[in-house]
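Read the structure below first, then the notes.
The values are calculated or read from the model by the stated rules, or taken from the named source; none is laboratory data. Because the structure is predicted, anything quoted here is derived from the model rather than measured. Positions of Cβ are generated from backbone atoms using ideal geometry, with glycine treated the same way; all protein chains shown enter the neighbour counts.
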Amino acid sequence: MEEFISHILISKSMLLDILLAIVLGFAIGFEREITNKWAGLRTHMLVCLGSCIFTLLSIHAFPVYAHSPQADPARIAAQILTGIGFIGGGTVLRHGYAISGLTTAATLWITASIGMACGCGFTAMAFVCTVLAVGTLVLIRIFEKQYIHKSSKNLRKFKVSFYSSVETADNVYSKIIDRFKSIFEINQKASASNEGLMKISFKLDIYDKNPVQSLHKELNAIEGIESISIQELYE
């Protein structure tokens, strides 16, 4: 009877480890949630909780084998990394030139390790690593925006098309070349549907975080432009 009770009861230290895992998973998930990532609060909390529980099971659930020469309390915990690999892989997406989700996959990976630290009883390590992880996500993002916002990983390609009257087309064409320095293709031709209009289209590279809004603002500042079309180019 006592053995049965010991199996259904959870120790105070285990309960604290589990609760800490949920709280620390929340801390990392909250940062992902407010930055509108697909893997947010619930995902990170569950990953941290699951990693903690699997680690606790790995350590405490098989006492009959504890003194066996083949005993390996890390066997279950080791499989956590394999499982997180599948979950993290599902968050990585490629869309044209852009690849997204790598940072979220990394946060799931570090969240699993924090859950494992909680399960092992290394609460101080888990707390410090959570602070470092959240600090990295927040502070490095600020640093990137300030100093390396023109990194090649932020490069996007766009095609812009618009109409201008025949009288102002040459002037608009010149202003476009002067204003946009990253143009790599531009052409001008008469409109097939309206003889009084010229169609100007160009392709350019842009690093701006809000490229469509930025392009619209720049083009609206030039007189003589009508009916603007902006299209992102993909491989």
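Annotations
- Hits in the stretch 172-217 (condition: within 30 Å of GLN146 (Cβ to Cβ), touching a residue at least 24 places away in the same chain (Cβ under 8 Å) and part of a loop (DSSP other than H, G, I, E, B)): PHE180, SER182, TYR207, LYS209
- Verdict on ILE222 being in contact (Cβ under 8 Å) with a residue 24 or more places away in the chain, touching a His at 6+ places or on another chain (Cβ under 8 Å) and either not acidic (Asp, Glu) or not in a strand (DSSP E or B) (or both): no
- The residues listed here are ILE142, ILE222; of these, the one that is β-branched (Val, Ile, Thr) and surrounded by 11 or more Cβ atoms within 10 Å (Cβ to Cβ) is ILE222.
- Count of residues meeting criterion [over 30 Å from ILE186 (Cα atoms), outside any helix (DSSP H, G or I) and not small (Gly, Ala, Ser)] in the stretch 111-170: 1
- Given (1) closer than 30 Å to ILE18 by Cβ; (2) touching a residue at least 12 places away in the same chain (Cβ under 8 Å), index of the condition ALA169 fails: (1)
Conditions tested, residue by residue: (1) at pLDDT 90 or above; (2) closer than 30 Å to CYS52 by Cβ; (3) outside the structural domain of GLY29 (by TED's automatic domain parsing).
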{"position": "CYS118", "(1), (2), (3)": "yes, yes, no"}
{"position": "LEU132", "(1), (2), (3)": "yes, yes, no"}
{"position": "ARG141", "(1), (2), (3)": "no, yes, no"}
{"position": "LYS159", "(1), (2), (3)": "yes, no, yes"}
{"position": "ASN171", "(1), (2), (3)": "yes, no, yes"}
{"position": "ILE183", "(1), (2), (3)": "yes, no, yes"}
{"position": "LYS203", "(1), (2), (3)": "yes, no, yes"}
{"position": "GLU226", "(1), (2), (3)": "no, no, yes"}
